[in-house]
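Input: a single structure, listed below in structure tokens.
What follows is calculated from the coordinates using simple rules that are stated; it is not laboratory data. Note that the coordinates shown come from a computational prediction; the quantities given were computed from them, not determined experimentally. Backbone-built Cβ (ideal geometry, glycine too); neighbour counts: all protein chains shown.
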Amino acid sequence: MTDAIVVGAGPAGSAAAIGLARAGAQILLIERARETGDALCGGFLSWQTLKRLDALGIDRSRLGGQAVRRVRLFAGQRQSETALPGAAMGVSRRTLDSAMQDAAVAAGAGIERGVHATAIEGGTLQMRDGAALTAAAIFLAAGKHGFRGFPREPAGWQRNDPAMGLRLRLPAHPALDRLVGDAVELHLFDRGYAGLVRQEDGSGNLCLAVHKSRLDEAGGDPAALLRTLGDALPHLGERLAHADWSRGIDAIGHVPYGWRKGETTPGLFRLGDQAGVIPSLAGEGMGLAIASAAAAVTAWRSGGAAAAPAFQRAFAARMTRPFALADLVWRLGENPRTAGPMTAAASLFPSLVRITSRTTRIRGS
């Protein structure tokens, strides 16, 4: 008999499966992708997230990621650089997800791939092929993609101009080593920002959160937008000089940044981006995913399926302060009138950057 079904084998789902299986539950982890891909979102693991991975038994040496020790901000010609509060890591989602899925299986969870859940009705999952799966507890960890019957709305100020997610992989190159090194970079521009971090193979993961109006100005063409930004922003242009444009640009539309969920029904635990979507410049997406899984497993162990509503309310409360600060910094960073002064302040008062870095983490239970 299956005690719980986990929907989605990304970091949130795999972390939940590990915890549940170690607690003695019979777990089925389902994933719609047949092969582990390199998801668009994620790739930065904070010092706190690395500790959570240690607790799950994930071997850091297997990840082999790029050490990240500094955060660098760019706004036009202005820039700042500050040491992070702790050592972080840049790693591809393919490597991270594979390691976590293997750990879930080793803990005793069953995993089925190519299984696409489309709806939840009570304790029953409906599949695209017409099949149904039932369990007392369902852990929904479907990532940033929408799930039928579970709408997610972005913060009010984004609704008229929703945010899009874009990602371009920059190939490993000595220039990228020299320019980026052991930093995570944030390039601020009008109605968006680009984050860049090197990963385990030396490549650069360049992710953008940009409003639809800015993409529309480039004719809806992500490559044209990036080239325009590279021409206007000299530091970003240096990094894009070595881009392989034949790789294509990954995109995801209408990302509900700032959204949180404080309600659910008994038996349904919402995890990761199905619990809340923190603005990605905070670098806490993976931290949120794993923290939500740990909190949900703790709640399930103490109260079973009936503990889901209390878990959801408590976790939404834990997200309040990090989301509010990340949202404020994003709004300042994407406004040309405030991005420069914010970057100058970061250079003059590096302690503010470290405080912001700590405050945008999802705290432990």
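Structure notes:
- Viscosity 1.306 mPa s, temperature 10 °C, Stokes-Einstein D of region 129-282 from Kirkwood C-alpha radius, µm²/s: 91
- Descending semi-axes in Å of region 305-365, equivalent ellipsoid built from Cα gyration tensor: 32, 13, 5
- Shown here are the Rg and Dmax of the Cα trace of region 8-59, at 12.3, 33 Å.
- Cα centroids of region 239-254 and region 20-68: 25 Å apart.
- Of the DSSP H helices in the chain, those whose Cα atoms cover at least 20 Å axially and whose Kyte score averages -1.0 or more: 93-107, 285-303, 308-333
- Percentage, to the nearest whole number, of Cα pairs in region 118-172 over 12 Å apart: 76
- Other-chain or far-sequence residues with amide H under 5 Å of W259's (modelled H): A155, V277
- Theoretical gain in end-to-end length, H116 to A132 [0.36 nm per residue, Cα-Cα removed]: 4.7 nm
- Mean ellipticity per residue at 222 nm, deg cm²/dmol - from DSSP H runs of n ≥ 4 across the chain, formula -39500 (n - 2.57): -11500 deg cm²/dmol
- Annotation: the residues S92, S246, sorted from fewest to most other C-beta atoms within 10 Å of their own C-beta, follow the order S246, S92.
- Under the Karplus curve 6.51 cos²θ - 1.76 cosθ + 1.60, θ = phi - 60°, whole-Hz ³J(HN,Hα) for region 30-41, x wherever Gly or Pro sits: 10, 9, 6, 7, 6, 10, 6, x, 9, 4, 5, 9
- Straight-distance crosslink candidates among lysines, where the alpha carbon sits under 19 Å from K261 and sequence neighbours closer than 8 are dropped: K144
- Note on the chain: the C-alpha convex hull projects to 16.8 nm² when averaged across all orientations.
- Percent of alpha-carbon pairs separated by more than 20 Å within region 67-183: 68
- Max mean-square fluctuation residue, GNM over the chain, Cα-Cα springs under 10 Å, options A103, A218, A137: A218
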